[in-house]
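The values are calculated or read from the model by the stated rules, or taken from the named source; none is laboratory data. The structure presented is a predicted model; accordingly, all values stated were derived computationally and were not measured. A quick note on method: Cβ atoms are made from the backbone with ideal geometry, for glycine too, and the neighbour counts reach across all protein chains shown.
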């Protein structure tokens with residue numbers, strides 16, 4: 001027993017909506033006053049992003065020649081800026097330079 005074969009369905013075109021022209025026949029948008037084609041406004045260029053090197057607490061301790069615990073104390077005390085990433089801290093390199101520049105003392 002075989003099933004009757006279906007014939008291929010004819011391609012149906014979409015009915016046109018009253019007053020609507022096909023896409024290819026649409027005119028380009030024109031500026032009302034000048035009659036010139038409209039263009040997109042220029043996209044402002046963003047400055048290149050600065051890359052900031054982040055250091056681990058161990059690296060900061062090695063640079064400053066102190067223990068890791070001292071670096072943690074500085075971070076928790078707010079004397080040294082740091083970013084928390086997960087369960088660890090990352091210290092921006094400029095923050096270390098700023099801290100060391102501000103910590104210098106002149107000895108008579």
Among (1) farther than 20 Å from residue 102 by Cα; (2) out of contact with any helix residue (DSSP H, G or I) (no Cβ under 8 Å at 6 or more places or on another chain) - the single one residue 88 does not satisfy: (2)
Top-ranked residue in region 13-57 [being surrounded by 10 or more Cβ atoms within 10 Å (Cβ to Cβ) and closer than 30 Å to residue 83 by Cα; ranked as modelled with the lowest pLDDT]: 52
